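Right, one structure below, let's go through it.
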Amino acid sequence: MFSRIAPRYDLLNHLLSLRFDVIWRKRLARRFADILARPGARILDVCCGTADLALALAELVPHSQRASGSAIRGADFSHPMLLRAREKAAGAPRRLELVEADALSLPFADASFDLVATAFGFRNLANYAAGLRELRRILAPGGSLAILEFAEPRGPFFRRLFGFYFRRVLPAIGAIISGNARAYRYLPESVARFPNPRELAELMEQTGFREVAFESWTAGIVTLHTGREGN
Ligand SMILES: C[S@@+](CC[C@H](N)C(=O)[O-])C[C@H]1O[C@@H](n2cnc3c(N)ncnc32)[C@H](O)[C@@H]1O
């Protein structure tokens, strides 16, 4: 499904979110500016799609470190998404290394990363507990996890208004522009069955993450979940 929508994925993201998606990824990146500024920090964008989050993270790497140091990595299991990511990576301020891999079984050694981040990807995993265990496995002791995901908005009026847009208008526009009606029906359906922020935070704690926290952005449309590797 993701491979089929890859050609129009960025256009639809920006259009359907009124470019809020760009603001959200940049905000996530700013939150981890201290890690990005560390010499040699090891960073992974999981379910990277066309690498917009990896690029937002790369933008915050200080100029003094851009030429040296390790690449920011992006992993996704959709080849067409990675092909688009590769085109965009050519202009990145920091080298991006793209890996075709399943987030449930990543080809990285234990304790490989200081920051593992994912935007709008985690919700799609077949097993959230297994996903969290795998992300924790590849984090270095004390390393940080960031999960940016959609949520149900706050407030009854806005929730109904947004619900109409998300379940009716968005799938219709998505179907016309991408030519794939199923993918844009899947989006609101997958958000509806995704654990609410409190439930996901509990799951992160049960998986062994510490300093687990979440914050709602833009009237609760999206939530940033954070935690640190527990050892
Ligand atoms: C909604 S897109 C998000 C892409 C990107 N992170 C962004 O911010 O736009 C979800 C991405 O997750 C990828 N994905 C879903 N399940 C995956 C899995 N199990 N392993 C790797 N990638 C996965 C899809 O291929 C798709 O590129």
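The values are calculated or read from the model by the stated rules, or taken from the named source; none is laboratory data. Keep in mind it's a predicted model, so treat the numbers as computed, not measured. A quick note on method: Cβ atoms are made from the backbone with ideal geometry, for glycine too, and the neighbour counts reach across all protein chains shown. Protein only, heavy atoms only, side chains kept; ligands, DNA and RNA dropped before computing areas. Shrake-Rupley method; radii C 1.70, N 1.55, O 1.52, S 1.80 Å.
Considering only the range 197-231, how many residues are among the polar types (S, T, N, Q), touching a helix residue (DSSP H, G or I) at 6+ places or on another chain (Cβ under 8 Å) and within 18 Å of residue 113 (Cα to Cα)? So that I can check it myself, show each step before the final result.
Step one: list which residues in the range 197-231 are among the polar types (S, T, N, Q), which gives 206-207, 216, 218, 223, 226, 231.
Now drop any that are not touching a helix residue (DSSP H, G or I) at 6+ places or on another chain (Cβ under 8 Å), which leaves 206-207, 216, 218, 223, 226.
Okay, now just the ones that are also within 18 Å of residue 113 (Cα to Cα), so 207, 226.
Residues flagged as among the polar types (S, T, N, Q), touching a helix residue (DSSP H, G or I) at 6+ places or on another chain (Cβ under 8 Å) and within 18 Å of residue 113 (Cα to Cα) within the range 197-231 amount to 2.
Please work out if residue 134 is outside any helix (DSSP H, G or I) and open to solvent by less than 50 Å² (accessible area, probe 1.4 Å).
no
For the subset of the range 1-22 comprising residues that are more than 11 Å from the ligand (Cβ to nearest atom) and free of Cβ contacts under 8 Å to residues at least 12 places away in the same chain, which member is surrounded by the fewest Cβ atoms within 10 Å (Cβ to Cβ)?
For the range 1-22, the residue satisfying everything is 18.
Could you say which residue among 58, 71, 85 is touching a Ser or Thr at 6+ places or on another chain (Cβ under 8 Å), without any contact (Cβ under 8 Å) to a residue 40 or more places away in the chain and open to solvent by less than 40 Å² (accessible area, probe 1.4 Å)?
85
How many residues does the range 195-226 contain that are on the phi > 0 side of the Ramachandran plot, in contact with a strand residue (DSSP E or B) (Cβ under 8 Å, 6 or more places away or on another chain) and in contact (Cβ under 8 Å) with a residue 24 or more places away in the chain? Let's see the steps before the verdict.
First, pick out the residues of the range 195-226 that are on the phi > 0 side of the Ramachandran plot: 208, 211, 218-220.
Still in the list and also in contact with a strand residue (DSSP E or B) (Cβ under 8 Å, 6 or more places away or on another chain): 211.
Remaining after also requiring in contact (Cβ under 8 Å) with a residue 24 or more places away in the chain: none.
Number of matching residues: 0.
Exactly one of these conditions fails for residue 171: (1) under 19 Å from residue 20 (Cα atoms); (2) open to solvent by 50 Å² or more (accessible area, probe 1.4 Å). Give me its number.
With respect to (1) under 19 Å from residue 20 (Cα atoms); (2) open to solvent by 50 Å² or more (accessible area, probe 1.4 Å), residue 171 is out only on (2).
Conditions tested, residue by residue: (1) modelled with pLDDT under 95; (2) within 15 Å of residue 116 (Cβ to Cβ); (3) not in a helix (DSSP H, G or I).
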{"position": "9", "(1), (2), (3)": "yes, no, no"}
{"position": "13", "(1), (2), (3)": "yes, no, no"}
{"position": "23", "(1), (2), (3)": "no, no, no"}
{"position": "30", "(1), (2), (3)": "no, no, no"}
{"position": "39", "(1), (2), (3)": "yes, no, yes"}
{"position": "44", "(1), (2), (3)": "no, yes, yes"}
{"position": "58", "(1), (2), (3)": "yes, no, no"}
{"position": "65", "(1), (2), (3)": "yes, no, no"}
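Can you tell me which residues in the range 137-161 are part of a helix (DSSP H, G or I) and open to solvent by less than 30 Å² (accessible area, probe 1.4 Å)?
Matches in the range 137-161: 138 only.
Just one of (1) surrounded by 20 or more Cβ atoms within 10 Å (Cβ to Cβ); (2) among the hydrophobic types (A, V, I, L, M, F, W, C); (3) farther than 21 Å from residue 101 by Cα trips up residue 194, so point out which.
Just one mismatch for residue 194, condition (1).
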